[in-house]
Amino acid sequence: MEKVKIGNCILELVKGDITEQDTEAIVNAANSRLVPGGGVDGAIHRKGGPSILEELRKKYSGCPTGKAVITKGGNLKAKFVIHAVGPVYKDGKSGEADLLASAYRSSLELAVKHSINSISFPALSTGAYGYPVKEASRIALSTVIEFLKEHQKPELVRFVLWDHNTFQIFKKSLKSLI
Ligand code: AR6
């Protein structure tokens, strides 16, 4: 585990499963149709149960890339799920970096709006959406650090990295950024 303080807030990196986290919110790597897919999305809907999809269908008709929407957490430990839509990686010159930063920022803004003090993120866009992990980790971490410096909340932001390689790359990027 890696932990740094940004003002009064904590930013940490752990290796693990996002669906097991007990932070008030966990972030889903969703798609813009908000239809359950594989990866993090599949795992969250499987463990959280059908109420999450019901709420998504009732409240939202999709979500643009770079934005996020919120639902309750169903059977998960987390009270809320923030469904963030990262970009599909094309060539790195198609606005992907801005859209990825925006997906993290939108999620953090929703958390603050709902008085959520702790939130867990996966490495958005680095699975099915093909974003190179090194670039994605720098964008993810710098966006969160900037947000925490400016807003001093949420109190805890945790990145939950699924595999050893992704965890190591995030660790290295964090060292280079602070
Ligand atoms: N906990 C934490 N991280 C995980 C878990 C888990 N349980 N499972 C996978 N990862 P992905 P994306 C890692 O594909 O690239 C879906 O079909 C994974 O190893 O979940 O944003 C959606 O419906 C990778 O590092 O999300 C969308 O259509 C990271 O989480 C699309 O995939 C993100 O992988 C979104 O693709």
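Which one of Lys172, Lys77, Lys59 is surrounded by fewer than 16 Cβ atoms within 10 Å (Cβ to Cβ) and closer than 17 Å to Ile18 by Cα?
Result: Lys77 is the single residue among Lys172, Lys77, Lys59 that is surrounded by fewer than 16 Cβ atoms within 10 Å (Cβ to Cβ) and closer than 17 Å to Ile18 by Cα.
Name the single residue, out of those in segment 21-42 being near the ligand (Cβ under 8 Å from one of its atoms) and more than 14 Å from the chain's Cα centre (by Cα), that is surrounded by the fewest Cβ atoms within 10 Å (Cβ to Cβ).
Here the residue is Gly38.
Given (1) at positive phi; (2) more than 11 Å from the ligand (Cβ to nearest atom), where does Asn117 come up short, assuming only one miss?
That leaves (1) as the condition not met.
Please determine, by comparing only the residues of segment 160-177 that are in contact with a helix residue (DSSP H, G or I) (Cβ under 7 Å, 6 or more places away or on another chain) and within 12 Å of Arg138 (Cβ to Cβ), which one is farthest from the ligand (Cβ to nearest atom).
Leu177
Just one of (1) surrounded by fewer than 21 Cβ atoms within 10 Å (Cβ to Cβ); (2) closer than 25 Å to Lys15 by Cβ trips up Ala111, so point out which.
Here Ala111 clears every test but (1).
Answer yes or no: is there a residue in segment 126-139 that is charged (D, E, K, R), more than 12 Å from the ligand (Cβ to nearest atom) and within 15 Å of the chain's Cα centre (by Cα).
So far as segment 126-139 goes, yes, one or more of its residues are charged (D, E, K, R), more than 12 Å from the ligand (Cβ to nearest atom) and within 15 Å of the chain's Cα centre (by Cα).
State whether one or more residues within segment 100-113 are more than 23 Å from Lys153 (Cβ to Cβ), within 13 Å of the ligand (Cβ to nearest atom) and in contact (Cβ under 8 Å) with a residue 24 or more places away in the chain.
No, there is no match, as no residue in segment 100-113 is more than 23 Å from Lys153 (Cβ to Cβ), within 13 Å of the ligand (Cβ to nearest atom) and in contact (Cβ under 8 Å) with a residue 24 or more places away in the chain.
Could you pull out the residue among Ile116, Ile82 that is touching a Pro at 6+ places or on another chain (Cβ under 7 Å) and crowded, with 21+ Cβ neighbours inside 10 Å?
Step by step, each of Ile116, Ile82 is checked, and only Ile116 is touching a Pro at 6+ places or on another chain (Cβ under 7 Å) and crowded, with 21+ Cβ neighbours inside 10 Å.
Every read-out reported here was derived from the displayed coordinates using simple, explicitly stated rules and does not represent laboratory data. This is a predicted model, so every value here is computed, not measured. When we count neighbours, we look across all protein chains shown, and the Cβ atoms used for this are built from the backbone with ideal geometry, even at glycine.
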